[in-house]
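Heads up: the structure comes next, in structure tokens.
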Amino acid sequence: MNKLKTLMIAAATAAGAVTMAGTAQASTFVCANSAAAVCSFDGSGGGWNNLKVDKKSTVSQMFDLVLTQAGTLNVSITSTYLDLVSISFGGTTLTGLTKGVPYSFAVTPSNVAQVLTVTMKNTRNAAYGYSSQLDFAAVPEPAAWGLMIAGIGMAGGALRRRRTARVAIA
């Protein structure tokens, strides 16, 4: 009986480890800008620093993100001198925004690049920059949740099972 318990616990642990490894694995993420801006995004976090906007101009800059898992993309834009006009991703455009506040977008998994567009306005007589913070939180697939729950249930069942008394004959 102890061997069965040990086997069940080992199987549940292995299933949980495999499930978590599959969930934590980052899919392919690309962050590229047509204006050759430096953008660093590793699939869970990143962004860009000091992306310049010329004086007295409004600029929309596009970044391609390939997100192959469902989840939430949080975008926060900061700048001292520029005005944040809009952020657009996945068919949703947000306007009337406050700099430094994270805005969330639901991500539909796709193997095709989805465009993140940031529009900034510079009303000053000099070029100024803006920075961003991108955070992506993937949602585990239903199969992963099922494996985790089944593994925990099996381990709990193995631990809860009653022991039968053995009679020793002398």
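Of the heavy-atom accessible surface of segment 56-170 (probe 1.4 angstrom), what whole percent is carbon and sulfur?
56
Ordered by packing density, taken as the mean number of other Cβ atoms within 10 Å over each peptide's residues, highest first, how do 111-123, 92-104 rank?
Peptide ranking by packing, descending: 111-123, 92-104.
Check which residues have an amide H placed less than 5 Å from Thr58's amide H, if you skip close sequence neighbours.
So Thr58 has HN proximity to Asn122.
Computed FRET efficiency, Cβ-Cβ of Ala113 and Val167, R0 41 Å: what is it to the nearest 0.05?
0.05
Calculate, for segment 116-164, the solvent-accessible area per residue in square angstrom, rolling a 1.4 angstrom probe over the heavy atoms of the protein chains.
Ligands and nucleic acids excluded, the figure is 64 Å² per residue.
Grab the beta carbon distance between Thr98 and Val139, set R0 = 35 Å, and tell me the FRET efficiency rounded to 0.05.
Numbers: r = 27 Å, r/R0 = 0.76.
With R0 = 35 Å, the Cβ-Cβ based efficiency is 0.85.
Points 7 angstrom from Cα along the Cβ direction at Lys121 and Asn74: gap in nanometres?
Output for this residue pair reads 2.8 nm.
The values are calculated or read from the model by the stated rules, or taken from the named source; none is laboratory data. Just so it is clear, the model here is predicted, and its values are computed rather than measured. Neighbour counts run over all protein chains shown; Cβ positions are idealised from the backbone, glycine included. Heads up: the accessible areas ignore ligands, DNA and RNA and are worked out on the full protein's heavy atoms, side chains in. Shrake-Rupley method; radii C 1.70, N 1.55, O 1.52, S 1.80 Å.
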